[in-house]
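A.B. asks: Input: one structure, supplied below.
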Amino acid sequence: MNRFSPLSEQEVQKLHSASLSILHTRGLQIESKKVRKMLEEAGAKVNHETMMVRFSPNLVDEAMKKTPQRVVFGARNPKYDLVLEPGGNTYNRTTAGTEGYIDLETGKYRHAQLCDVKEWAILVDALENISYYGAPNPSDVPPDIRDIHTMPMALKNSEKHFFLQPYSGEHLELMVELALAIVGNKEELKKRPIFNVLTSVTSPLQLLEYASDILITAGKYGIPVEVNSMAIAGGTAPITIAGFTMLSHAEVLAGIIVAEIANPGAPVVYRPLSMIMDMSTGIGLMGAVENAMIAAAQAQLMRETYGIPTNLFGQGVDTFITDGQSMIERTFNTLLPALVGANIVSGSGGLEHVYTLDPVQLVIDDEIMGMTKRILRGFEINDDTMGLDALARVGPGGNFLSDDHTLKYFKTEYYRPRIFNRGTREIWQSKGGKDLNENARERAKAILREHKPTPLAEDVVKELDSIIKRLG
Amino acid sequence: MNRFSLLSEQEVQKLHSASLDILNTIGLKVESEKVRKMLEEAGAKVDHETMMVHFPPNLVDESVKKAPKKVIYGGRNPENDLVLEPGGDIFCRPTTGAEGYIDLETGEYRLATMSDLKEWTRLTDGLENIDYCGSLYPSDVDADTRDIRMMSVMLQNTEKHFVLQPYSGEHLESMVELALAVMGSKEELKKRPIFNVLTSILSPLELLEYASDIIITAGKYGIPVEMNTMVIAGGTGPVTVAGTTLLSHAEALAGITVAEIANPGAPMVYRPAPMVLEMSTGISLMATVENAMITASGAQLIRDTYGIPTNIVGYVTDSLTHDGQAMIEKVFNALPTLFIGANIVSLVGTIQNCYTMDPLQLVIDDEIVGMTKRILRGFEINDDTMGLEALARVGPGGNFLSDDHTLKYFKTEYYRPRIFNRGTREIWQSKGGKDLNENARERAKAILREHKPAPLADDVVKELDSIIKRLG
């Protein structure tokens, strides 16, 4: 199926040139002296006093050409490996790092805990349309090592690729240590990294030291980095969709350039987020229709310039609960970038922008993702699929039900939803008249009852536990 | 914003040629002898015994070319007039002819009544994003003349255009009489028809007499006809997406051909409403992902061939209630078609595919439509909108909040939802922690309390009443 290109070629060029121009004439403020020196040696114009680093279009171009268009996200179980490449599959990842969690039993909001990390991982492991995931931020572990702490709990309970946001380059080194306990050696980890990380350019146009540390450390080990920018339109970025898209593009490119100059060929993912300042409340919105428009523009922009993998925030919503607003906002936010050709749409299971995870929402998002994959699969048009012979056989007033053509195609043509209601009102009511959320809740509980993720080997578990113990 | 093309040029050609071929080699069964004779005279090959009519491709092509690309749907109040034209605004409407109604207070299902029709029509009139109205089938009036009786109620309760499904050509004549009481003259009615009608081909490939009567009578008065086809994939049409798209297209072209031969220049609207047969239950579905592909393909087929107006089923759900499934399915089914550029996307306010009207859902769908209008508006990309000067003013770590650029654009850049929750969890909870449905219900009640469509003049009402009285 054709990909959607909402912007014209000239519009893409306008945005891209303006981004390059910003990087050239103004540049990025880079906190780390070491990184500034590295960039200076690579040809950037640096002012160490103001910390401003400017990148010529040539420099940008060279760095981007080193950036791989194909990135592998490995998993504990190779069958869950993901290949991000131009025209490849579209994947999905959950929201991560939330403080809040919606209790599956009570439906009430509370602070996330370590046991929720386990529950989340098990659900993800069983849900076929959730490609990889991150975990909530447990409140019952020491806050300064929370980022590392979730990793063993998650990896013990799911064989899928895992995503983290490290607090620092040092913490990332510890995460690598944990990963090596599972994978065995650095070469294997580099080939099929079982986790990836995210770090951010601070808007407008600042790269803090902790962030460049993470970028460079990750590149050393071949751990893919989702290079994020978290501008807020009307706050740390221009209010307009055009201005926002252009600035976030410049920021993410800048982060990628730093990564590539430090470690040529480092696997990265273009991952500009969008938030819009709600003038009446001061909140950064993520579920507005303009967020979806920005995500679509960003996906197209990267697709048509350097073609490296993209992760657009798909299921961003502003509501606090798994209500109709959540469904509306996230469907817009998922479908739009997916139709444009994003490699990953993320945010499944998330509510309240990035503050809360909800297992019921996760199960629903698995369904939305299944639908999305179906539409992206498209359909074949030829004499056989068009059923020309069948039409001639059946004729006016006839029926296709038992025709060979129907028997040939009916199993593969249609996506089968897991939790949607269909049929007559009578049948639905006789089965209890349940709505979507109830169906989703039942499915979540069934998974948690029945699904047993493949455990890690005992000695691996011992090693993970000992690394964590060392942290205190 | 660029339009989306789901199909490639070659795929459009394949489907279109195959449709013309079917109408030629397989043909249409036409029940009315009079119509068969008319078609024979126009150049079709007719077998009066089998009632089969074969259309040479040229005949279809020349006839459909006579159908106008620009059609006016008039409103009792000219401010509500809609212009359907290539690249024009995109409109929406509810279903027409549903039997069920969901009580606004209790959420319970019942058979619709005249009083519901009144409530429905007034609510539609008061919602700014619902462009025209559809009828429902009240169970508390004489079933034989329901179609005509409904019209009088609708004329009195909305100033917007509306659609009806007449039972016969004769009943359509009575409807025209009612319309003339309001419009004054046949010329005025032809120029700005205040209602349009929907009638269907019986799949596969049959045109019944009552339907051709309606088509031809409508053409006489210039009442636009939504040429409906309701192919059931796997039942009355091939099970594949390609096959059902093909058959819907062929059937609609056949109906339009008949209309144009009878009354050259008759305003026609292409309206595929496919269903999918769920093999395990025998239920016909309208909101599957595959439905979305079939309908979107239909929209593109006409856009890229004859360019006459299209009414595509988009805001549709198979859910029996206004739950999360309804929201997901509606957005999912509407977006591809909207991006392709149908003139009308229908079934707002409808649940259980086309069987039940739901005032709560209508208010929610009004919000969804508002969001889609925002997306379709797109965004301007130039040096000013990109905020280049603002960026130069705002340094690293700076803020755009009080910048002139922000003040210039913040009011017009963003859609303001009416019933979505935003802000913080605390604020939301302090206001009662209402979900989307509760917000929507409040809005519906407010509209019904405060909104009063302009009444018709007394003498007009008298005339309508007397026409209705004559029905017995």
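A.B. asks: So, in the stretch A:141-161, exactly how many residues are out of contact with any helix residue (DSSP H, G or I) (no Cβ under 6 Å at 6 or more places or on another chain) and not in a loop (DSSP other than H, G, I, E, B)?
C.D. replies: 7
A.B. asks: Return only the number of the condition from (1) surrounded by fewer than 23 Cβ atoms within 10 Å (Cβ to Cβ); (2) touching a residue at least 12 places away in the same chain (Cβ under 8 Å) that A:Thr106 does not satisfy.
C.D. replies: If we test A:Thr106 against (1) surrounded by fewer than 23 Cβ atoms within 10 Å (Cβ to Cβ); (2) touching a residue at least 12 places away in the same chain (Cβ under 8 Å), just (2) comes out false.
A.B. asks: Pick from the stretch A:184-195 the residues that are assigned to a helix (DSSP H, G or I) and touching a residue at least 24 places away in the same chain (Cβ under 8 Å): which of them is farthest from A:Pro78 (Cα to Cα)?
C.D. replies: So the residue we want is A:Lys186.
A.B. asks: Follow-up. Of everything in the stretch A:101-160, what is closer than 19 Å to A:Asp465 by Cβ and of a type in the set (Ser, Thr, Tyr)? Give them in sequence order.
C.D. replies: Once the filter is applied, which keeps residues that are closer than 19 Å to A:Asp465 by Cβ and of a type in the set (Ser, Thr, Tyr), the stretch A:101-160 yields A:Thr150, A:Ser158.
A.B. asks: Criterion first (surrounded by fewer than 22 Cβ atoms within 10 Å (Cβ to Cβ), in contact with a Ser or Thr (Cβ under 7 Å, 6 or more places away or on another chain) and not acidic (Asp, Glu)) does B:Tyr167 satisfy it?
C.D. replies: So B:Tyr167 does not fit the description; no.
A.B. asks: Let me ask something else about it. Based on what the data block shows, is A:Asp366 more than 9 Å from chain B (Cβ to nearest Cβ) and in contact (Cβ under 8 Å) with a residue 40 or more places away in the chain?
C.D. replies: yes
A.B. asks: Right, next: Restricting to the stretch B:249-305, give me the number of residues that are out of contact with any helix residue (DSSP H, G or I) (no Cβ under 6 Å at 6 or more places or on another chain), assigned to a helix (DSSP H, G or I) and farther than 29 Å from B:His54 by Cβ.
C.D. replies: 1
A.B. asks: On to the next question. Could you tell me which of the residues A:Ser158, A:Ser203 is farther than 16 Å from A:Arg146 by Cα and at pLDDT below 95?
C.D. replies: A:Ser203
A.B. asks: Grab the helices (runs of 4 or more DSSP H) fully contained in the stretch B:403-472, keeping just those with 2 or more residues being more than 26 Å from B:Met151 (Cα to Cα).
C.D. replies: Fully inside the stretch B:403-472 and qualifying: B:404-413, B:425-430, B:436-450.
A.B. asks: Could you pull out the residue among B:Val30, B:Val12, B:Val83 that is touching a strand residue (DSSP E or B) at 6+ places or on another chain (Cβ under 7 Å) and within 30 Å of B:Lys330 (Cα to Cα)?
C.D. replies: Unique residue meeting the criteria: B:Val83.
A.B. asks: Can you pull out every residue in the stretch B:227-253 that is within 11 Å of another protein chain (Cβ to nearest Cβ) and either surrounded by fewer than 24 Cβ atoms within 10 Å (Cβ to Cβ) or farther than 22 Å from A:Arg377 by Cβ (or both)?
C.D. replies: B:Ile232, B:Gly235, B:Thr236, B:Ala250, B:Glu251
A.B. asks: Considering each residue of the stretch B:1-25, count those that are part of a helix (DSSP H, G or I) and not aliphatic (A, V, I, L, M), and give that number.
C.D. replies: Residues flagged as part of a helix (DSSP H, G or I) and not aliphatic (A, V, I, L, M) within the stretch B:1-25 amount to 11.
A.B. asks: Specify which of the listed residues (B:Met38, B:Met52) is touching a strand residue (DSSP E or B) at 6+ places or on another chain (Cβ under 8 Å) and surrounded by 18 or more Cβ atoms within 10 Å (Cβ to Cβ).
C.D. replies: Every option except B:Met52 fails the conditions.
Results for (1) among the charged types (D, E, K, R); (2) closer than 29 Å to A:Lys160 by Cβ; (3) more than 7 Å from chain B (Cβ to nearest Cβ), shown as yes or no for each residue.
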residue	(1), (2), (3)
A:Asp404	yes, no, yes
A:Lys411	yes, yes, yes
A:Pro417	no, yes, yes
A:Arg422	yes, no, no
A:Asn437	no, yes, no
A:Ala440	no, yes, yes
A:Lys452	yes, yes, yes
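A.B. asks: Taking B:Tyr355, is it assigned by TED's automatic domain parsing to the domain that holds B:Tyr101, surrounded by fewer than 24 Cβ atoms within 10 Å (Cβ to Cβ) and within 15 Å of the chain's Cα centre (by Cα)?
C.D. replies: Against the criterion (assigned by TED's automatic domain parsing to the domain that holds B:Tyr101, surrounded by fewer than 24 Cβ atoms within 10 Å (Cβ to Cβ) and within 15 Å of the chain's Cα centre (by Cα)), B:Tyr355 qualifies.
A.B. asks: I'd like the residue in the stretch B:197-215 that is farther than 30 Å from A:Glu413 by Cα and more than 21 Å from the chain's Cα centre (by Cα) and, out of all such residues, is farthest from the other protein chains (Cβ to nearest Cβ).
C.D. replies: B:Asp213
A.B. asks: Filter the stretch A:7-50 down to the residues that are in a strand (DSSP E or B) and touching an Asp or Glu at 6+ places or on another chain (Cβ under 8 Å), then identify the one that is nearest to A:Gly341 (Cα to Cα).
C.D. replies: A:Leu28
A.B. asks: Name the one entry in A:Phe244, A:Phe163 that is in contact (Cβ under 8 Å) with a residue 60 or more places away in the chain, among the aromatic types (Phe, Trp, Tyr) and surrounded by 21 or more Cβ atoms within 10 Å (Cβ to Cβ).
C.D. replies: One residue alone meets the criteria, A:Phe163.
A.B. asks: What's the number of the condition B:Arg377 fails, among (1) within 22 Å of the chain's Cα centre (by Cα); (2) closer than 30 Å to B:Leu320 by Cβ?
C.D. replies: Tallying (1) within 22 Å of the chain's Cα centre (by Cα); (2) closer than 30 Å to B:Leu320 by Cβ, B:Arg377 fails exactly one: (2).
A.B. asks: Oh, and also: Which of the residues spanning the stretch A:421-453 are more than 22 Å from B:Ile351 (Cα to Cα) and surrounded by fewer than 11 Cβ atoms within 10 Å (Cβ to Cβ)?
C.D. replies: Once the filter is applied, which keeps residues that are more than 22 Å from B:Ile351 (Cα to Cα) and surrounded by fewer than 11 Cβ atoms within 10 Å (Cβ to Cβ), the stretch A:421-453 yields A:Arg449, A:Glu450, A:Lys452.
A.B. asks: Scan the stretch A:397-409 and give yes if some residue there is assigned to a helix (DSSP H, G or I) and of a type in the set (Gly, Ala, Ser), otherwise no.
C.D. replies: no
A.B. asks: Additional query: Under 9 Å by Cβ, and 6 or more places apart or on different chains, what pairs join a residue from the stretch B:30-57 that is in a loop (DSSP other than H, G, I, E, B) with one that is among the basic types (Lys, Arg)?
C.D. replies: As it stands, the answer is B:Ala44/B:Arg36; B:His48/B:Arg36; B:His48/B:Lys37; B:Thr50/B:Lys29; B:Met51/B:Lys29; B:Met51/B:Arg36; B:Phe55/B:Lys45; B:Pro56/B:Lys45, since those pairs meet every condition given.
A.B. asks: Based on what the data block shows, is A:Thr322 surrounded by fewer than 24 Cβ atoms within 10 Å (Cβ to Cβ), β-branched (Val, Ile, Thr) and not in a helix (DSSP H, G or I)?
C.D. replies: no
A.B. asks: Still on this model: Which residue pairs have Cβ atoms under 6 Å apart, sit 6 or more places apart or on different chains, and have a first residue in the stretch A:427-450 that is among the basic types (Lys, Arg) and a second that is outside any helix (DSSP H, G or I)?
C.D. replies: A:Arg443/A:Ile419
A.B. asks: Considering (1) surrounded by 18 or more Cβ atoms within 10 Å (Cβ to Cβ); (2) of a type outside the set (S, T, N, Q); (3) within 14 Å of chain A (Cβ to nearest Cβ); (4) more than 30 Å from B:Arg377 (Cα to Cα), say which one B:Val60 fails and leave the rest.
C.D. replies: (3)
A.B. asks: Filter the stretch B:138-150 for residues that are in contact (Cβ under 8 Å) with a residue 40 or more places away in the chain and crowded, with 24+ Cβ neighbours inside 10 Å and give the result.
C.D. replies: Residue satisfying the conditions is B:Ile148 alone.
A.B. asks: Quick check on B:Asn353: is it modelled with pLDDT under 95 and over 12 Å from B:Thr372 (Cβ atoms)?
C.D. replies: Yes, satisfied.
A.B. asks: What single numbered condition from (1) among the basic types (Lys, Arg); (2) more than 39 Å from the chain's Cα centre (by Cα); (3) modelled with pLDDT of 95 or more fails to hold for B:Lys434?
C.D. replies: Status for B:Lys434: all satisfied but (2).
A.B. asks: Next question, about the same structure. Going by what's in this entry, would B:Ala334 be described as at the interface with chain A (Cβ under 10 Å from one of its Cβ atoms) and outside any strand (DSSP E or B)?
C.D. replies: So B:Ala334 passes the test.
The values are calculated or read from the model by the stated rules, or taken from the named source; none is laboratory data. Every value quoted in this text rests on a predicted model; they were computed, and no experiment measured them. FYI the Cβ positions are ideal-geometry reconstructions off the backbone, even for glycines, and counts take in every protein chain you see.
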